[in-house]
Amino acid sequence: MLDLITWNIQWCRGCDRVVDPARIARVCRETADADVLCFQEVARNFPDLDGSRGEDQFALLSAALPGFECVEGIAVDVRAPDGSRRQFGNAIFSRLPVVQAFRHLLPFPADSGVPGMQRIAVEAVIRAASGPLRVTTTHLAYYSALQRGVQVERLRELQCEAAGHARDGAQAEKEGGPFATQPRPASAILTADLNFRPDDPLWGRVQAPIGPGVPAFRDSWPIAHPGRPHEPTLGVYDKDQWPGEAFCCDFIFVTEDLAHRIEDVMVNSTTDASDHQPVLLKLRD
């Protein structure tokens, strides 16, 4: 069984407004003995974030998760007044070997009148018991529908690109160097805070057919729970930021060739260690 957790950890800030990376790691362990953790909103050297002292959360989470390899995905990378770098993005932590990793900056077209920031999709090819598997995590634009739309299209393009690479053959004369052919399978898991709900047309667009020989994505929740509405993943406890009804915007998609291997999908609805809830996928080997 492969257990994977995705979670927007809100720079490790809980509903008590305390930033605590160790608590994030502890909640993950309490949720499942996961093989892969996909985090969105990880910060380094951003002391102006509420509750933060500018701590390096990539490093602190790594220290709190011994045995996991961290694949950093830096989306925002800016100069601080003292000349250091301030960075913000996503991360994949894996106990399984990471064969190769990619950092895909997503489209960021100007959309005047709304706040915006660069977004990234972090991709890790892991060596699972059943063979190589791609895991990608991302966090789409919140304020801009324009940006969310083109970012979804880019995720679809990346799936098409990977399916092409899955058919690549080894080039003997390039083995051992950076040109060496590495596994990049079409079979994939995509986890995301998409910043839209399941009734948004973009939810369907993520899952639309991509092209011949390219397995499309399927939302794992309705596969595991047919006819049952998505459980809320945002605003369950944090009513200051999200005063309305709690809703789902955090998803785990799998390519259609993996759908039959889904054992369960669960939302941890008991923790208030972030404004979002962790979501667990259990995938049979």
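The values are calculated or read from the model by the stated rules, or taken from the named source; none is laboratory data. Note that this is a predicted model, so its numbers are computed, not measured. We place every Cβ from the backbone using ideal geometry, glycine too, and count neighbours over all the protein chains shown. Side chains included, ligands, DNA and RNA excluded: accessible areas come from the protein's heavy atoms. Shrake-Rupley method; radii C 1.70, N 1.55, O 1.52, S 1.80 Å.
One line per residue, one yes/no per condition, for (1) assigned to a loop (DSSP other than H, G, I, E, B); (2) under 14 Å from residue 253 (Cβ atoms):
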{"position": "153", "(1), (2)": "no, no"}
{"position": "176", "(1), (2)": "yes, no"}
{"position": "185", "(1), (2)": "yes, no"}
{"position": "190", "(1), (2)": "no, yes"}
{"position": "199", "(1), (2)": "yes, no"}
{"position": "218", "(1), (2)": "no, yes"}
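Note on the stretch 1-86: enclosed strands (runs of 3 or more DSSP E) holding 2 or more residues that are free of Cβ contacts under 8 Å to residues at least 40 places away in the same chain are 69-79. Give the residues of the stretch 248-269 that are in contact with an Asp or Glu (Cβ under 6 Å, 6 or more places away or on another chain) and without any contact (Cβ under 8 Å) to a residue 40 or more places away in the chain, sorted by residue number. If the condition is that a residue be in contact with an Asp or Glu (Cβ under 6 Å, 6 or more places away or on another chain) and without any contact (Cβ under 8 Å) to a residue 40 or more places away in the chain, then 267 is the only one that fits. Looking for whichever is open to solvent by 10 Å² or more (accessible area, probe 1.4 Å), touching a helix residue (DSSP H, G or I) at 6+ places or on another chain (Cβ under 6 Å), outside any strand (DSSP E or B) and of a type in the set (A, V, I, L, M) here; the options are 273, 208, 180, 170. Which one fits? Testing whether each residue is open to solvent by 10 Å² or more (accessible area, probe 1.4 Å), touching a helix residue (DSSP H, G or I) at 6+ places or on another chain (Cβ under 6 Å), outside any strand (DSSP E or B) and of a type in the set (A, V, I, L, M) leaves just 180.
Pairs are defined by a Cβ separation below 7 Å, a sequence spacing of at least 6 or placement on different chains, a first member in the stretch 188-199 that is closer than 17 Å to residue 235 by Cβ, and a second member that is small (Gly, Ala, Ser); the pairs so defined are 195/141. Every condition in (1) part of a loop (DSSP other than H, G, I, E, B); (2) farther than 20 Å from residue 31 by Cα; (3) open to solvent by less than 10 Å² (accessible area, probe 1.4 Å) holds for residue 244 except the one numbered (3). Against the numbered list (1) crowded, with 21+ Cβ neighbours inside 10 Å; (2) in a strand (DSSP E or B); (3) not aliphatic (A, V, I, L, M), residue 159 comes up short only at (2).
State all residues of the stretch 1-26 that are more than 17 Å from residue 249 (Cα to Cα), open to solvent by less than 10 Å² (accessible area, probe 1.4 Å) and among the β-branched types (Val, Ile, Thr); if no residue qualifies, say none. The answer is 24, and nothing else.
Could you please tell me which pairs satisfy a Cβ distance under 6 Å, a separation of 6+ or placement on different chains, a first residue in the stretch 232-247 that is of a type outside the set (A, V, I, L, M), and a second residue that is open to solvent by 90 Å² or more (accessible area, probe 1.4 Å)? Filtered contacts from the stretch 232-247: 247/197. For the structure I just gave you, tell me whether residue 91 is open to solvent by less than 10 Å² (accessible area, probe 1.4 Å), of a type outside the set (Phe, Trp, Tyr), touching a helix residue (DSSP H, G or I) at 6+ places or on another chain (Cβ under 9 Å) and not in a strand (DSSP E or B). The answer is no for residue 91. When the residues of the stretch 276-285 are filtered to those that are part of a strand (DSSP E or B) and over 15 Å from the mean Cα position of the chain (by Cα), the one that is nearest to residue 232 (Cα to Cα) is 282.
Restricting attention to the stretch 65-88, the residues being open to solvent by less than 40 Å² (accessible area, probe 1.4 Å) and charged (D, E, K, R) number 0. Answer yes if at least one residue in the stretch 118-129 is within 12 Å of the chain's Cα centre (by Cα), closer than 16 Å to residue 39 by Cα and open to solvent by 10 Å² or more (accessible area, probe 1.4 Å), and no otherwise. Yes, the stretch 118-129 contains a residue that is within 12 Å of the chain's Cα centre (by Cα), closer than 16 Å to residue 39 by Cα and open to solvent by 10 Å² or more (accessible area, probe 1.4 Å). Any chance you could count how many residues in the stretch 31-63 are aliphatic (A, V, I, L, M) and open to solvent by 20 Å² or more (accessible area, probe 1.4 Å)? So the count comes out to 4.
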